[in-house]
Amino acid sequence: MSWGTELWDQFDNLEKHTQWGIEFVERYNKFVKDRTDIEISYAKQLRNLSKKYQPKRNSKEEEEQRYTSCQAFLAVLNEMNDYAGQHEVIAENMSGLIFAELSRYIQELKQERKLHFQEGRRAQQHIESCWKQLEASKRRFERDCKEAERAQFHFEKMDNDFNVTKADVEKARQQAQTRHQMASDSKGEYSSVLQNFNKEQHEHYYTNIPNIFQKIQDLDERRIVKIGESMKTFSEVDRQVIPIIGKCLDGITKAAESVDEKHDTQLVVEAFKSGFEQPGDVEFEDFSQPMKRTVSESSLSNSRSDGKQESKSGKSKGKLWPFIKKNKVKAFSICGSGPEDFSHLPPEQRRKKLQQKIDEINKEIQKESDQRDGLTKMKDVYIKNPQMGRPESVDPRLAEIEQTIEKLRQESSKFEAWLAEVEGRLPTRPDQPRRPSEMPELPTTAVNNCAQDRESPDGSYTEEQNQDPQLKVAAQNEFDDEFDDEEVLTAIGTCKAMYAFEGQNEGTIAMAEGETLSVIEEDKGDGWTRVRRSEDEEGYVPTSYVEVYLDRNTKGT
């Protein structure tokens, strides 16, 4: 079926149809462009989502990565990042294989269509010109015939009139003959033009127009084929990344299957195990006998002297971790402001921290040693090849590295001694003087008295209801004596918050920008200032976050 024979008289409609076809390709191409933009935006959002939930460096989230569930979640985030990459591949392929290709093809299509219809218009103009020429020749032949007929009638009239001279008759006859000759010439010309027009018309409708329309038909059919191929490519672009996306999903499944609840449970034990033994049984005290009571080792009513002696000896076998006031615990937990030897931590946690510190120092020593070895080799090269450099130029750096290694070894020895102390290989190290911001000596009186308390369902400790009031008062007085440094501190000035501080760590206090607080303890060099908002609300804030105004009189005293 050919447009040249079936649609020979539908030039204008074919022109409109082919224009619609090009507009349809442009519409489809815009659809592909919009899909590409969606894929790029989706991939970007997936990457941002994965980045948002990645653990922050040097934060608590990074420490949580030892748990298998957190590791699985991290693997899911990484797989989602790869998943986003596949959508970027889809966008890239659609942009290159479909959008760019169709954009180029549309321009070629428009140009080719323009040429074909220009050729068709020229053919139409030519046949119309032939038709006009035929019409002009026809009208001229008709006019000449009428003129010859009128000239013949005039001649016959003159010839029959006896009053007309012979010369006039001869003139009329010659004029009639001339008109007849002109009519005969017009007839021949008309016949020739008619034959030529019929020939041109036959060639126009049976050769030229079919050829032009066939080219236009081929153009439109190629457009349709191109659309189909583009739609197929549209699906193949997605299909190509399905195996990789499947691998990403398999990775997520594998990560989910790697979650080990027993392993995470053991990590919790290792993270929070204190190393203390459970308290022993409380022995029965017979008050009915008129004799001096014998107090069990685990009783909370041990005498003050026994408690202090036990505190001095540093032994608390069978005791609970010493109870200390809440604000004291906070003071040592903020931002690692505890002692260097981690003595404020339970034994097991202290051992882990010391071991971790030793490992870090050993890594630094190894790093410095590698640098030293590299510089030594460089110096040997300089000695053998003086033109490459001066050997003595390396000596200052080598000396600096040696000093650094020596300092690190001393640090390592110090922490190893503390570790040996914790593990029981060395005798207990005597307490060393500490800065005011470090943890004071913990009273073992509280340790000895801890068994007198009973743990309530909510985790708090309450005293026994049947305890002797005098013993209770004595124990309370003894406990208060050990913590007499916890009396309310006098404000030594005020401070104004330059920035807001959330105060999420234990021992800190939140503050809003512009808020004014009372200063009760200056910065001791650890970057923290102790402040108070009310009698029951105090804590530490970063010194760099506040502007401090100290009372000169108070500071002087």
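The values are calculated or read from the model by the stated rules, or taken from the named source; none is laboratory data. Quick caveat, the model's predicted, so the values are computed rather than measured. Glycine gets a Cβ as well: all are built from the backbone with ideal geometry, and neighbour counts include every protein chain shown. For the accessible areas, the whole protein counts, side chains as well, though only heavy atoms, and no ligand, DNA or RNA atoms are used. Shrake-Rupley method; radii C 1.70, N 1.55, O 1.52, S 1.80 Å.
If you take the beta carbon distance between residue 23 and residue 265 as r and set R0 to 60 Å, what does 1/(1 + (r/R0)^6) give as a FRET efficiency, to the nearest 0.05? Write down the numbers at each step before the final one.
Values: r = 66 Å, r/R0 = 1.11.
FRET efficiency, residue 23 to residue 265: 0.35.
In a shell of Cβ-Cβ distance under 13 Å around residue 500, excluding residue 500 itself, what net charge do Lys and Arg (+1) and Asp and Glu (-1) give?
Values: positive: 496; negative: 502, 513, 515.
Net charge in that neighbourhood comes out at -2.
Within a Cβ distance under 14 Å of residue 159, other residues only, what is the Lys/Arg minus Asp/Glu net charge?
Numbers: positive: 157, 166, 171, 173; negative: 156, 161, 168, 170.
Taking every other residue near residue 159 into account, the sum is 0.
Counting only residues 5 or more places away or on other chains, whose amide H sits under 5 Å from the amide H of residue 520 once H atoms are built in the peptide plane?
Hits under the 5 Å cutoff: 492, 530, 531, 532.
Sort 354, 194 by accessible area with a 1.4 Å probe, largest first.
On the way: 354 0, 194 55 Å².
In descending accessible area the options line up as 194, 354.
Starting from the residue with the highest accessible area, list 367, 353, 377 in decreasing order, probe 1.4 Å. It would help to have the intermediate numbers written out before the result.
Details: 367 115, 353 85, 377 145 Å².
Ranked list, largest accessible area first: 377, 367, 353.
For residue 111, what is the net charge nearby, where nearby means another residue's Cβ is under 14 Å from its Cβ and Lys, Arg count +1, Asp, Glu -1?
Working: positive: 104, 110, 113, 114, 215, 222, 223; negative: 108, 112, 119.
Overall, the nearby charge balance is +4.
Rounded to the nearest 0.05, what FRET efficiency do residue 171 and residue 205 have when you use their Cβ-Cβ distance and R0 = 60 Å? Could the numbers behind the result be given before it?
Values: r = 50 Å, r/R0 = 0.84.
That pair, residue 171 with residue 205, gives E of 0.75.
With every protein chain left in place and a probe of 1.4 Å, what is the accessible surface of residue 398, to the nearest 10 Å²?
30 Å²
Within the accessible area of the range 149-225, what % is carbon and sulfur when the probe is 1.4 Å and the other protein chains stay in place? Let's see the in-between values first.
On the way: 2640 of 5360 Å².
Of the solvent-accessible surface of the range 149-225, carbon and sulfur hold 49 percent.
Going from most exposed to least, what order do 225, 241, 259 have by accessible area with a 1.4 Å probe? Don't jump to the answer; show the numbers that get you there.
Working: 225 85, 241 5, 259 65 Å².
Heavy-atom accessible area, descending, gives 225, 259, 241.
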